[in-house]
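S.K.: Okay, here's the structure, questions in a sec.
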Amino acid sequence: MTVWDRPTPPNPPVPLDREQIIAAALALADEGGLEAVSVRKVAARLNAGPMRLYGYISSKDELFDLMVDEVHAEILPPEQPGDWREALRVLAHRTRQAALRHVWLVDLLGGRPTLGPNGLAVTEATLAALDGLADIDTVLRAVGTVSAYVTGAIRHEIANLRAERATGLSKRDWQRASGPHVMKMLATGRFPALSKAVHDGTEVDAEESFATGLDWVLDAVAAKLTRPPT
């Protein structure tokens, strides 16, 4: 039985529901990451005993499932764009924005699909965007390719944000601090391609980098999509 199939406990002695549990867990995770979330800590936030929560959830993993599904409600766009590229682009950017609001989400992305109603709705919107453009196996490979890019790009961006928070150094500060070492290594002549990238490459912000990479992936997907014969 999944957490979404579990019935609500009848006649609780004190008002408590799944929405309150999810809201408390989200608040804890947004404040301190996944390590700040446990059944005991959520119960304390709600001024309830931990055993009260076990009527709604059986484990911390189920709590995480509920949290991820709640964030998927933020990812699902209010309207589905008609163009498949725009539909996938909107979903990708909304996923990135949700991950930046809830940094812990990146640790739970890319695993098994979420089976909650909001997660299933996002999956449905993703598949529906490509419906009829190719056979189902091609569609699934296309969705998997876009998802792999989005998850990887978000993880890279969040890793940099976490490094900034852990060290207290912004990206620019880190570059200044590590610059002398990098220049010394480049001066050896052992890294000509890297030297060209450092001296001649154009630096772009994370949002522009994400958007550009996404467009390249969508270009590759477009090359594989062929409308089946009617």
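Readers should treat all values here as calculations from the given coordinates under stated rules, not as data from a laboratory. Quick caveat, the model's predicted, so the values are computed rather than measured. Cβ: placed from backbone, ideal geometry, glycine included. Neighbour counts: every protein chain shown.
S.K.: How charged is the neighbourhood of residue 28? Take every other residue with its Cβ under 9 Å from the Cβ of residue 28, and add Lys/Arg as +1 and Asp/Glu as -1. All intermediate terms of the calculation are to be shown ahead of the outcome.
M.R.: Details: positive: 41, 45; negative: 30, 31.
That works out to 0.
S.K.: Here is a further query. Compute the separation of the alpha-carbon centres of the range 61-86 and the range 186-226 and state it in Å as a whole number.
M.R.: Rounded to whole Å, the Cα centres lie 28 Å apart.
S.K.: To the nearest µm²/s, what D does Stokes-Einstein give for the range 75-224 at 25 °C and 0.890 mPa s, using the Kirkwood radius over alpha carbon pairs as Rh?
M.R.: Working: Rh = 17.7 Å.
For the chosen part, D equals 139 µm²/s.
S.K.: Could you tally the net charge around residue 46, taking each other residue with its Cβ under 12 Å from the Cβ of residue 46, Lys/Arg +1 and Asp/Glu -1?
M.R.: Charge balance in the 12 Å sphere: +3.
S.K.: Tell me the relative contact order for the range 2-65 as a rounded percent, counting alpha carbon contacts under 8 Å between residues six or more apart. Spell out each step's value before the answer.
M.R.: On the way: 47 pairs, mean separation 24.4, N = 64.
Averaging sequence separation for qualifying contacts and normalising by length gives 38 percent for the range 2-65.
S.K.: State, to one decimal in nm, how far the label point of residue 207 lies from the label point of residue 193, with both points 7 Å from Cα in the Cβ direction.
M.R.: 3.2
S.K.: Can you tell me the length gained on complete extension of the stretch residue 219 to residue 131, counting 0.36 nm per residue apart and subtracting the Cα distance?
M.R.: The residue 219-residue 131 span can extend by a further 29.9 nm.
S.K.: Suppose every K and R has +1 on its Cβ and every D and E has -1 on its Cβ; what is the size of the dipole of the range 88-230 about the Cα centre, in Debye to the nearest 20? Could you put the intermediate results ahead of the total?
M.R.: Values: 17 positive and 15 negative charges, 98 e Å.
Computed charge dipole of the range 88-230: roughly 460 debye.
S.K.: So if we plug the beta-carbon distance of residue 166 and residue 60 into 1/(1 + (r/R0)^6) with R0 = 22 Å, what FRET efficiency do we get, rounded to 0.05? Show your work: numbers first, answer last.
M.R.: Details: r = 24 Å, r/R0 = 1.10.
It comes out at approximately 0.35.
S.K.: Take every Cα pair under 8 Å in the chain that's 6+ residues apart, average their separations, divide by the length, and report that relative contact order as a whole percent. Provide the component values of the computation, followed by the final result.
M.R.: Working: 171 pairs, mean separation 41.4, N = 230.
Relative contact order for the chain comes out at 18 percent.
S.K.: Can you tell which of 59, 170, 178 shows the greatest fluctuation in a Gaussian network model of the chain with Cα springs below 10 Å?
M.R.: 178
S.K.: Report the label-to-label distance for residue 107 and residue 141 in nanometres (one decimal), using points 7 Å from each Cα along the Cα→Cβ vector.
M.R.: 3.6
S.K.: Still on this structure: Can you tell me the 0 to 90 degree angle between the C-alpha axis of helix 18-32 and the longest principal axis of the chain, rounded to 10?
M.R.: That works out to roughly 40 degrees.
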